[in-house]
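Chemist: My questions all concern the structure below.
The values are calculated or read from the model by the stated rules, or taken from the named source; none is laboratory data. Owing to the predicted nature of the structure, the values given are computational and were not obtained by experimental measurement. Please note: Cβ atoms are built from the backbone with ideal geometry, for glycine as well, and neighbour counts cover all protein chains shown.
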Amino acid sequence: MKILVAGAGGFVGRALLKRLAGHDLVLPSRRPEQFHGLGIKGIFPAFTQDLSGLVETHRPELVINLLGIIKEEGPETFEKVHVGYTRALAEGALRCGVKRFIQMSALGADPDAASSYQRTKARAEELLRTSGLNCVIFRPSLITGPGQKLFADLEKLARFVPFFAAPSDAWTAPVHIDDVADCFFRAAMGGLPYGMYELGGEERMNFPDLFRRGLAVRGLRRPVIGLPRVFFLPLLPFFGLLPKPPLSREQYLMLGAPNVPSGRYPGVRELLGSVRRAF
């Protein structure tokens with residue numbers, strides 16, 4: 001099967017590509033050399049904002065959209081990446097008769113959310129729902145596993161700080177990368193009805209517990225102080241002066257919505273029959 005994967009070089013993309021080996025892969029990228037070290041075979045066209053044209057040129061049977069950003073940098077805004085790129089991929093898919101479309105969204109996606117990230121994720125979902133394409137949309141919680149950036153950053157910070165602070169009233173249901181990749185693979189092989197799916201682990205935890213678990217699996221022991229989320233609000237201007245802010249205003253707003261499955265849609269256990277431990 002010919003499959004175009006947009007955003008294949010990311011955390012989920014790399015795990016998914018291992019499962020898609022043997023298929024005819026089209027992987028648009030600004031850094032195609034990154035795939036050579038992974039032993040991935042396929043076509044590596046240069047990433048271009050004309051994603052519609054890319055789809056029409058290569059005419060895949062399936063499009064998987066993993067494109068997404070956590071923070072805006074220069075011209076790469078939430079509106080452009082989440083909505084604009086999704087629209088372009090969908091338009092190209094419609095014009096060349098793509099059979100299926102799989103979209104990476106996020107738990108907390110809501111057109112009325114305080115966070116621009118969550119609003120644009122919701123707008124992309126609605127765009128696909130009304131596009132006429134046969135779509136599977138996944139909303140994962142925080143994804144754990146080798147290569148996860150949050151815990152890699154915590155590990156680096158642990159060399160310099162004696163303790164961490166995290167919002168005690170922000171919640172997540174971390175899900176292992178292998179479960180997420182397996183769900184995407186099942187959808188790619190046509191094993192799921194079209195519609196919405198929420199991917200979360202079976203353990204609900206607040207962010208202080210999340211930090212403790214993430215540090216512990218790396219053999220690190222640091223005190224983690226739980227504080228109400230509002231405590232971090234006056235610190236945001238100071239954080240913004242740092243080269244790599246530990247918390248941005250956008251991330252602060254995102255933490256206001258529980259990052260846990262609602263129960264309205266099928267989840268990992270329904271799709272795979274079991275759920276891996278996140279840590």
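Chemist: Among the residues that make up segment 185-199, is at least one of them closer than 29 Å to Tyr265 by Cα, buried (at least 19 other Cβ atoms within 10 Å of the Cβ), among the acidic types (Asp, Glu) and in contact with a Leu (Cβ under 9 Å, 6 or more places away or on another chain)?
Modeler: Yes - at least one qualifying residue is present in segment 185-199.
Chemist: What pairs come up if the first residue lies in segment 197-221 and is among the basic types (Lys, Arg), the second is surrounded by fewer than 20 Cβ atoms within 10 Å (Cβ to Cβ) and part of a helix (DSSP H, G or I), and their beta carbons are under 6 Å apart, counting only those six or more places apart or on different chains?
Modeler: Correct list of pairs: Arg218/Glu155.
Chemist: Could you list, in sequence order, the residues of segment 64-78 that are in contact with a strand residue (DSSP E or B) (Cβ under 8 Å, 6 or more places away or on another chain) and assigned to a loop (DSSP other than H, G, I, E, B)?
Modeler: Matches in segment 64-78: Leu66, Leu67, Gly68, Ile69.
Chemist: Considering only residues that are of a type in the set (Phe, Trp, Tyr) and modelled with pLDDT under 95, look in segment 106-161 and name the one that is farthest from Asp178 (Cα to Cα).
Modeler: Here the residue is Phe160.
Chemist: Do the conditions hold for Gly22, that is, is it part of a loop (DSSP other than H, G, I, E, B) and at pLDDT 90 or above?
Modeler: no
Chemist: Looking for something surrounded by fewer than 16 Cβ atoms within 10 Å (Cβ to Cβ), outside any loop (DSSP other than H, G, I, E, B) and at pLDDT below 95 - is there at least one such residue anywhere in segment 218-234?
Modeler: There is no residue in segment 218-234 that is surrounded by fewer than 16 Cβ atoms within 10 Å (Cβ to Cβ), outside any loop (DSSP other than H, G, I, E, B) and at pLDDT below 95.
Chemist: Would you check if there is a residue in segment 140-152 being touching a strand residue (DSSP E or B) at 6+ places or on another chain (Cβ under 9 Å), surrounded by fewer than 19 Cβ atoms within 10 Å (Cβ to Cβ), among the small types (Gly, Ala, Ser) and closer than 22 Å to Arg269 by Cβ?
Modeler: No, segment 140-152 contains no residue that is touching a strand residue (DSSP E or B) at 6+ places or on another chain (Cβ under 9 Å), surrounded by fewer than 19 Cβ atoms within 10 Å (Cβ to Cβ), among the small types (Gly, Ala, Ser) and closer than 22 Å to Arg269 by Cβ.
Chemist: While we're looking at this one, here's another question. Failed condition for Glu76, given (1) under 23 Å from Leu150 (Cα atoms); (2) crowded, with 22+ Cβ neighbours inside 10 Å, with all others met?
Modeler: (2)
For every residue, the table says whether it meets (1) buried (at least 23 other Cβ atoms within 10 Å of the Cβ); (2) among the basic types (Lys, Arg); (3) touching a Cys at 6+ places or on another chain (Cβ under 8 Å).
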residue: Ile69; (1), (2), (3): no, no, no
residue: Lys80; (1), (2), (3): no, yes, no
residue: Leu107; (1), (2), (3): yes, no, no
residue: Ser115; (1), (2), (3): no, no, no
residue: Lys121; (1), (2), (3): yes, yes, no
